[in-house]
Amino acid sequence: GENVEQHPSTLSVQEGDSAVIKCTYSDSASNYFPWYKQELGKGPQLIIDIRSNVGEKKDQRIAVTLNKTAKHFSLHITETQPEDSAVYFCAASGWEYGNKLVFGAGTILRVKS
Amino acid sequence: NAGVTQTPKFRVLKTGQSMTLLCAQDMNHEYMYWYRQDPGMGLRLIHYSVGEGTTAKGEVPDGYNVSRLKKQNFLLGLESAAPSQTSVYFCASSTGVGNTEAFFGQGTRLTVV
């Protein structure tokens, strides 16, 4: 089955700096890669996703890149703000797994003001 | 529009007791999922359902049972709670078509003593 590894486990940045979180996946059949943000005491919420037919996607200050050959994808947050502080999860899924999401272990992002 | 609602939000059980967690969604989604979240381990899939009357095992199904008698509800049962089942439980739902967004509930924090 699919296995997703996520790094780093914690990340501290100064407000205004960029943050990058990286994930690798094991199964080349995976074709959908979402990123979720989880604030304290809440459930995860989708912030951006990318499909295997696209190499990069951007939405305002966040962007995701996908390298299918190397089987890794990354989340980029620019001009970080204190409200970006949260836990971020990457995930992968594909038709072979019935569209079940397999999550990485999560990254705690702290933005220091 | 409530989205995904989990009941209860908190619960403390004694070892050996049983309980049922209720998940309700009002988005007419076909797919529903139960995850558990433990520190440093991300979200792990317990059981899932691809439609009313169907259930399937996920990554960590032992000690849990589920039922999907109505499309909008997905119940997670613990027949004989163990301390290892202390966790935060999240329910999610999705349309299930084309690897679309999964919507999560607020979570249930369960402690087994």
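Read-outs throughout are calculated quantities, based only on the coordinates presented, and are distinct from any laboratory measurement. Quick caveat, the model's predicted, so the values are computed rather than measured. Because the Cβ atoms are built from the backbone with ideal geometry, glycine has one as well, and the counts that use them run over all protein chains shown.
Scaled to the globular estimate 2.2 N^0.38 Å, the Cα spread of the protein assembly as shown, given as radius of gyration, is 1.01. The residues A:L109, B:L69, when put in order of fewest to most other Cβ atoms within 10 Å, stand as B:L69, A:L109.
Taking a point 7 Å from the Cα of A:N3 along the Cα-to-Cβ direction, the residues of the stretch B:26-41 with backbone N closer than 20 Å to it are B:38-41. A convex hull fitted to the Cα coordinates of the stretch B:73-113 yields 87 cubic angstrom per residue. Classify the stretch A:40-112: rounded, prolate or oblate, from the alpha-carbon gyration tensor (a ≥ b ≥ c, eigenvalue square roots; a/c under 1.5 rounded; otherwise prolate if a/b is larger than b/c)? Judged from the Cα gyration tensor, the stretch A:40-112 comes out oblate (a/c at least 1.5, b/c at or above a/b). Each of B:S67, B:Q37, A:T65 was placed along the dipole of the protein assembly as shown (beta-carbon charges, centred on the mean Cα), and the one lying farthest toward the positive end is B:S67.
Spatial offset of the stretch B:62-93 relative to the stretch A:84-113 amounts to 21 Å, using the alpha carbon center of each.
Taking only C-alpha pairs under 8 Å that are 6+ residues apart, what is the relative contact order of the stretch B:1-103 in percent? Result for the stretch B:1-103 is 32 percent. Between A:K68 and B:Q17, the FRET efficiency from the beta-carbon distance, with R0 = 45 Å, is close to 0.40.
Charging the Cβ of each Asp and Glu at -1 and of each Lys and Arg at +1, and nothing else, the dipole of chain B about its Cα centre rounds to 300 debye.
Given +1 at the Cβ of Lys and Arg, -1 at the Cβ of Asp and Glu and no other charges, the dipole of the stretch B:48-113 around its Cα centre is 160 debye to the nearest 20.
Computed about its Cα centre, the charge dipole of the stretch A:44-113 is approximately 160 debye, with only Lys, Arg, Asp and Glu carrying charge at their Cβ.
Look at the dipole of the stretch A:4-77 built from charges on Cβ: of A:Q14, A:N53, A:G41, the Cα furthest out on the positive end belongs to A:N53. Taking +1 at the Cβ of each Lys and Arg and -1 at the Cβ of each Asp and Glu, which of A:T80, B:C91, B:G77 sits farthest along the dipole of the protein assembly as shown towards its positive end, judged by Cα position relative to the Cα centre? Highest projection toward the positive end goes to B:G77. Computed over chain A, relative contact order equals 37 percent, with contacts defined as Cα pairs under 8 Å that lie 6+ residues apart. Just so you know, the Rg over Rh for the stretch B:13-82 is 0.98, from Cα atoms, with Rh as the Kirkwood radius. Net charge of the neighbourhood of B:Q17, taken over other residues with C-beta under 14 Å away and scored Lys/Arg +1, Asp/Glu -1, is +1.
Each Lys or Arg adds one and each Asp or Glu takes one away; over the other residues whose Cβ falls under 13 Å from the Cβ of A:I77, this sums to -1. Only aspartates and glutamates eight or more places from B:K9 in sequence, or on another chain, were considered; those with a Cα closer than 18 Å are A:E39, B:D38.
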